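Have a look at the structure below before the remarks.
The values are calculated or read from the model by the stated rules, or taken from the named source; none is laboratory data. What you see is a predicted model; the values in this text were computed from it and never measured. Every residue, glycine among them, receives a Cβ derived from its backbone with ideal geometry; neighbour counts consider all protein chains shown.
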Amino acid sequence: MTASTVLGAHLIGGEWIDSGPTAVSDNPARPGEPVGEYRVGDSDTAGDAISAAVDARATWGSTSFAVRARILEQVASLMEARAEEIATLCTLEEGKTIAESRGEAGLAAETFRFHAGMAKTSTERIFPTGTPGETIRTVRVPLGVVGIITPWNFPIQIPAWKIAPALAAGNCVVWKPASNTPLTAAAIARVFDDAGVPAGVVNLVLGPGSMGNAIVTDHRVDGITFTGSVPVGFGIREAVTARNGRV
């Protein structure tokens with residue numbers, strides 16, 4: 001692979017935003033050898049992605065369990081079909097062995113298939129009470145927009161662990177991957193797009209860590225899931241809970 005073609009772009013509202021500044025993702029095993037180029041966003045890019053998720057959340061949240069399950073099953077199947085491509089990008093960009101990358105890709109597909117099954121399960125529960133003729137009914141509803149911030153060390157599996165349950169529960173996602181694995185993330189986002197995930201349900205933004213702050217502090221983001229350093233995690237917790245968001 002060479003950096004002659006831009007491989008990584010933002011996915012916002014179902015559109016690939018292939019414009020703006022670019023950066024090069026290098027092979028850590030061979031310093032100076034480019035794997036490819038990717039678009040670099042900023043806080044405005046993150047804001048656009050959040051707006052797209054907000055626009056899509058009502059429709060996706062009201063989508064039937066069966067439809068969500070079918071789409072997640074399509075994601076799982078396409079992840080399997082493209083496992084070698086995604087694993088190769090992971091190895092070139094992140095540096096782990098190809099065997100480990102293949103293992104991640106396979107587990108990611110299994111994760112989406114598992115949550116496809118979970119999406120078929122109604123969230124409604126009915127419990128008896130001590131009063132004749134009365135019952136208690138509980139219904140779980142989607143949180144809304146979930147910001148997902150993932151690290152570099154497991155760039156395939158950790159996003160799957162976070163995105164699959166969010167989608168199964170009817171949430172829309174704004175995903176900010178690690179800045180040193182953008183091409184792997186873009187390949188995964190392409191799976192969502194090609195598998196028929198509706199526009200705005202999964203949004204990908206590429207760029208520096210500061211973009212994560214734009215997602216964390218935006219009041220339109222109802223919850224954040226983060227994997228990374230303890231100090232950054234503490235900061236995210238304080239910022240999100242201060243505006244009554246979920247972490």
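In the range 119-157, which residues are out of contact with any strand residue (DSSP E or B) (no Cβ under 9 Å at 6 or more places or on another chain) and either of a type in the set (V, I, T) or part of a helix (DSSP H, G or I) (or both)?
Within the range 119-157, A119, T121, T131, V141, I156, Q157 qualify.
Can you tell me which residues in the range 77-97 are surrounded by fewer than 22 Cβ atoms within 10 Å (Cβ to Cβ) and among the hydrophobic types (A, V, I, L, M, F, W, C)?
Selection gives L78, A81, A83.
State all residues of the range 87-122 that are touching a residue at least 24 places away in the same chain (Cβ under 8 Å), over 15 Å from T184 (Cβ atoms) and over 21 Å from the mean Cα position of the chain (by Cα); if no residue qualifies, say none.
T121, S122
Can you name every residue in the range 201-247 that is in contact (Cβ under 8 Å) with a residue 24 or more places away in the chain and of a type in the set (K, R)?
Scanning the range 201-247 gives R220, R243, R246.
Given (1) of a type in the set (F, W, Y); (2) in contact with a Lys or Arg (Cβ under 7 Å, 6 or more places away or on another chain); (3) buried (at least 18 other Cβ atoms within 10 Å of the Cβ), identify the lone condition not met by F112.
Tallying (1) of a type in the set (F, W, Y); (2) in contact with a Lys or Arg (Cβ under 7 Å, 6 or more places away or on another chain); (3) buried (at least 18 other Cβ atoms within 10 Å of the Cβ), F112 fails exactly one: (2).
Which one is surrounded by the most Cβ atoms within 10 Å (Cβ to Cβ) among residues in the range 205-233 that are β-branched (V, I, T) and part of a loop (DSSP other than H, G, I, E, B)?
My answer is V205.
Take W175 and decide whether it is within 26 Å of G103 (Cα to Cα), out of contact with any Phe, Trp or Tyr (no Cβ under 9 Å at 6 or more places or on another chain), assigned to a loop (DSSP other than H, G, I, E, B) and not polar (S, T, N, Q). I'd like the intermediate steps shown before the answer.
Numbers: within 26 Å of G103 (Cα to Cα): yes; out of contact with any Phe, Trp or Tyr (no Cβ under 9 Å at 6 or more places or on another chain): yes; assigned to a loop (DSSP other than H, G, I, E, B): no; not polar (S, T, N, Q): yes.
Here the answer is no, as W175 does not meet what is asked.
Pairs please, first residue from the range 33-47 and at pLDDT below 95, second anywhere and of a type in the set (D, E, K, R) and surrounded by fewer than 16 Cβ atoms within 10 Å (Cβ to Cβ), Cβ atoms under 7 Å, 6+ apart in sequence or on different chains.
From the range 33-47, no pairs qualify.
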